[in-house]
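Read the structure below first, then the notes.
The values are calculated or read from the model by the stated rules, or taken from the named source; none is laboratory data. Here the structure is a predicted model, which means the values were calculated and not measured. Note that each Cβ is placed from the backbone with ideal geometry, even for glycine, and that neighbours are counted across all protein chains shown.
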Amino acid sequence: MTDLEGILAAQFAVYQLLLALTAQERQAILAGDIQALEEIVAQKEAQVAVLAALEARRTEAVNAWAGQLGVPAGSRGQPDSPLALTDLLPYLDAATAARLHCLRQDILASVADLQRQSQGVRLLVETALARANAVRAFLLGLACEQPGYTAAGRRAEVAVDGLMLDRNL
C-alpha cells in the first residue's frame, strides 16, 4: 500500500466514524439528551480537524506523485486548478489506479451518505425549534394579560389574530 492509499483509507475511516457519530447525534436529538449531544458534537468537530489534516497530506501526496510521474500542472487541463487524484490515475499502473479509484469511490459514497444524514439531523433540529417556539408563544400568551370582558361586563376589543386559546374569553 502506498502512502496515498494509506491517506485515502484513513479519510474513508474518518468518514465512516462521522457517519456513526451522525447516527448517534440523531438519536440524542430524538431522546432530548443534551449532554450526549454536546459530547457527540465535540467528537465530530475533532474528526473534522483530523479530516482537514488528512486532506492536506493527500494534496501533498498527489502533488509529489504528479512530479514523479510527469503529470502536467493543473486539474482537468486547467493550469490554475489544483491537481486531483483523478489526474494521476492515467499515469499509474493498472492495479494501483484501480485501488485508488475504489478508495475514491468509497469516500465519495460516504460523503454523500453523510450529507443525507446531516440534512436529516438539520431538519430534526429545525422541527424541534419550531415546536419549542410554538409552545413558548402559547405559554407567553397564557401568561400575558389580554383584554376580555370589562368590569361592567361589556366585551372589550380583543385582537384574536393567531390566538389558539384565550383564557379570558
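Would you check which residues across region 38-58 are surrounded by 14 or more Cβ atoms within 10 Å (Cβ to Cβ) and within 14 Å of S118 (Cα to Cα) and list them? Correct list: I40, K44. Of all residues in region 31-51, those satisfying the criterion of being part of a helix (DSSP H, G or I) and charged (D, E, K, R) are E38, E39, K44, E45. Taking region 31-48 as the range and being charged (D, E, K, R) and touching a residue at least 24 places away in the same chain (Cβ under 8 Å) as the test, only K44 passes. Candidates A137, A109, A143: the one that is among the aliphatic types (A, V, I, L, M), at pLDDT below 95 and surrounded by 11 or more Cβ atoms within 10 Å (Cβ to Cβ) is A137.
Regarding region 77-89, can at least one residue be identified that is assigned to a helix (DSSP H, G or I), free of Cβ contacts under 8 Å to residues at least 12 places away in the same chain and either over 17 Å from G6 (Cα atoms) or not charged (D, E, K, R) (or both)? Within region 77-89, not a single residue is assigned to a helix (DSSP H, G or I), free of Cβ contacts under 8 Å to residues at least 12 places away in the same chain and either over 17 Å from G6 (Cα atoms) or not charged (D, E, K, R) (or both).
Here's the yes/no breakdown for (1) part of a loop (DSSP other than H, G, I, E, B); (2) in contact with a helix residue (DSSP H, G or I) (Cβ under 9 Å, 6 or more places away or on another chain); (3) in contact (Cβ under 8 Å) with a residue 40 or more places away in the chain:
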site	(1), (2), (3)
L17	no, yes, no
I29	no, yes, yes
W65	no, yes, yes
A95	no, no, no
L100	no, yes, yes
D106	no, yes, yes
D113	no, yes, yes
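Out of curiosity, is L51 within 29 Å of L4 (Cα to Cα), in contact with a Phe, Trp or Tyr (Cβ under 6 Å, 6 or more places away or on another chain) and without any contact (Cβ under 8 Å) to a residue 60 or more places away in the chain? No.
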